[in-house]
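Report on the following structure.
The values are calculated or read from the model by the stated rules, or taken from the named source; none is laboratory data. This is a predicted model, so every value here is computed, not measured. Ideal geometry is used to build each Cβ from the backbone, glycine not excepted, and the neighbour counts take in all protein chains shown. Quick note on the areas: whole protein, heavy atoms, side chains included, nothing else; ligands and nucleic acids left out. Shrake-Rupley method; radii C 1.70, N 1.55, O 1.52, S 1.80 Å.
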Amino acid sequence: IVKGRVSDVERKNHFIIVGTSSLALNVYNGLRDRGDEVTVVCAVGSQHSFPSDADIIEGDPSSVATLKLAGSDKAKYIIALCDSDADNAFTILAAKEIAGESTKTLALVNETENMKKVKRVEPSMVFSLPLLGSELLVRTLNGDTINNELITEMFFGNCQKLD
């Protein structure tokens, strides 16, 4: 079952957020505040706090048909931000089947022990809030300087396709 709230919209050069977590909502708000177009994909019947005018598609996030409806072939990013690492991994697998050549994928890892499993589906980026948060906290507790260079390294040096 695939259901979209906004019909006849040409989706291109946009972000696709998959999931209804608080992180998904905050990323949505941040992207929209910057003027970016965002399509949200969530499971049918899931509870969420997205605005009523949000471009929302309800369906199986790990379905190629659902991601196709969201315009994944013309998206900048497909961002899997579900609460379940398995859902994020399956979403990335489906995204890789349908995404355009320039579309990048990002997978959230909620449980640190699942990092290697999620990396096996080869998203463009892997992001873990527990690892990022612990690294920042440890550095702060030890009096280390946290600057833009460090943050960039943490996001892109440690989060992209790790072995």
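To the nearest 10 degrees, how steeply does helix 22-33 sit against the main Cα axis of the chain, on a 0 to 90 scale? Compared with the principal axis, the helix lies near 80 degrees. In terms of overall dimensions, the C-alpha atoms belonging to the stretch 97-139 reach 39, 19, 11 Å along their principal axes, ordered largest to smallest.
Taking all protein chains as shown and a probe of 1.4 angstrom, ARG32 keeps an accessible surface of around 100 Å².
With all protein chains in place and a 1.4 Å probe, the accessible surface of the stretch 89-159 carries 53 percent carbon and sulfur. Working note: 222 nm ellipticity from helices only, DSSP H runs with n ≥ 4, each -39,500 (n - 2.57), summed and divided by the residues of the chain, gives -9500 deg cm²/dmol to the nearest 500. Kirkwood hydrodynamic radius of the stretch 14-85, from the reciprocal of the average inverse Cα-Cα distance over all distinct pairs: 12.0 Å.
In terms of overall dimensions, the stretch 1-144 has a Cα radius of gyration and Dmax of 15.3, 54 angstrom. For a paramagnetic label modelled on LEU137 (point 7 Å from Cα along Cα→Cβ), amide N atoms under 17 Å away belong, within the stretch 110-127, to 110-113.
Between THR152 and VAL44, what is the FRET efficiency for a Förster distance of 35 Å, r being their Cβ-Cβ separation, to the nearest 0.05?
The formula returns an efficiency of 0.40 here.
Other residues whose C-beta falls under 9 angstrom from the C-beta of VAL38 contribute a net charge of -2, scoring Lys and Arg +1 and Asp and Glu -1.
Normalising the average separation of contacting C-alpha pairs (under 8 angstrom, six or more residues apart) by the number of residues puts the relative contact order of the stretch 39-79 at 39 percent.
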